[in-house]
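The values are calculated or read from the model by the stated rules, or taken from the named source; none is laboratory data. Keep in mind the model is a prediction, meaning the values are calculated, not measured. Positions of Cβ are generated from backbone atoms using ideal geometry, with glycine treated the same way; all protein chains shown enter the neighbour counts.
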Amino acid sequence: MNKTLKLLLKAAGLVLLMFGLGYIFGRILGSNTKDIDFKKFLKVDHEAAGLLLMAAHLLFTLVPLICAAGQLYCLKKAAAKWDGEDEEFIDSIELQLNAPIKLVSTSMILNFILFSCASYFPIEQKSLLALIPTVVFLVGMVWQLVLNEKALTLEKQLNPEKRGSTFDINFQKKWLDSCDEAQKQTVWQAGYSAYKAGNIACMATWAAAFIGQTIFKYGLMPMICVGVIWLVMNTVYINTASMLESRGSSLRE
């Protein structure tokens, strides 16, 4: 069995397991809740909304993955020509590798969002069409995992000291441990920028959820969900900063 097939089977198994667990919990929770009827409440055309969201799901999940796969193929071909000495050439390859990684990450997030939206407006009159969002979600997740692993494999070929795998639960720790100090500084600065952007996003999303609640009366859960994310993010940041400062103080003493 070749490496690509093993990688594909591993990704498919992981996605099916997570999807199965999500389906079971979703069915249990959904059977005990009363949903908002947006078709009646906002006069939304059920069929039109379902078709539109299904098309958006298909487009914004698969097209970025096709582009990312093409980019990875070209970068792998280019990296094979490296003579092992031209550092500028390999730095250029590594810089270009960010593009497919960004596409895969964006596609994964959009896959989750659009799948949940498309599932809200199932196309009841056309049962085969109603299966498309589920199929796109599963195929997209498997493909995203495979492309992530392909990108990491290429990065490890260029930098043999790098460690970790997409399917490893401790991937982030292993990858960070294998980075040099300059790369760690990049990770930390990027993480701080993400933290600041996350705070702004949480505040704006909470405000939108609060205003929406006063108008549509859809309940407290959207505001609670945003609040939990906001609270966890800030608590982890403060606790980590405090721990690192204490460690630095003890080292200086």
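Would you check if Ala48 is over 23 Å from Val139 (Cβ atoms), of a type in the set (A, V, I, L, M, F, W, C) and modelled with pLDDT of 85 or more? Spelling it out, it is not the case that Ala48 is over 23 Å from Val139 (Cβ atoms), of a type in the set (A, V, I, L, M, F, W, C) and modelled with pLDDT of 85 or more. Scanning region 98-131 for residues that are surrounded by 15 or more Cβ atoms within 10 Å (Cβ to Cβ) and at pLDDT below 75 yields Pro122, Ile123. Count, please, the residues in region 149-164 that happen to be among the polar types (S, T, N, Q) and part of a loop (DSSP other than H, G, I, E, B). Of the residues in region 149-164, 1 are among the polar types (S, T, N, Q) and part of a loop (DSSP other than H, G, I, E, B). The set of residues from region 62-80 being loosely packed, with under 12 Cβ neighbours inside 10 Å and at pLDDT below 90 comprises just one member, Ala80.
Evaluated against (1) closer than 18 Å to Tyr23 by Cβ; (2) modelled with pLDDT under 90, Asp83 falls short on exactly one condition, (1). Being surrounded by 12 or more Cβ atoms within 10 Å (Cβ to Cβ), of a type in the set (A, V, I, L, M, F, W, C) and assigned to a helix (DSSP H, G or I) holds for only one residue in Phe137, Phe167, and it is Phe137. Remark: pairs (first residue in region 69-88, farther than 13 Å from Gln157 by Cβ; second residue outside any loop (DSSP other than H, G, I, E, B) and aliphatic (A, V, I, L, M); Cβ separation under 6 Å; 6+ apart in sequence or on different chains) = Gln71/Ala99.
Among the residues making up region 215-236, those that are over 19 Å from the mean Cα position of the chain (by Cα) and either within 27 Å of Ser193 (Cβ to Cβ) or not assigned by TED's automatic domain parsing to the domain that holds Gly198 (or both) are Pro222, Met223, Ile224, Gly227, Leu231, Asn234, Thr235, Val236.
So that you can scan it fast, the table gives a plain yes or no per residue for (1) touching a Gly at 6+ places or on another chain (Cβ under 9 Å); (2) surrounded by 12 or more Cβ atoms within 10 Å (Cβ to Cβ); (3) among the acidic types (Asp, Glu); (4) free of Cβ contacts under 8 Å to residues at least 24 places away in the same chain:
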position	(1), (2), (3), (4)
Lys184	no, yes, no, yes
Phe216	no, yes, no, no
Met221	no, no, no, yes
Cys225	no, yes, no, yes
Met233	yes, yes, no, no
Arg247	no, no, no, yes
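The condition of being modelled with pLDDT of 90 or more and out of contact with any helix residue (DSSP H, G or I) (no Cβ under 7 Å at 6 or more places or on another chain) holds for only one of Leu59, Leu29, that being Leu59.
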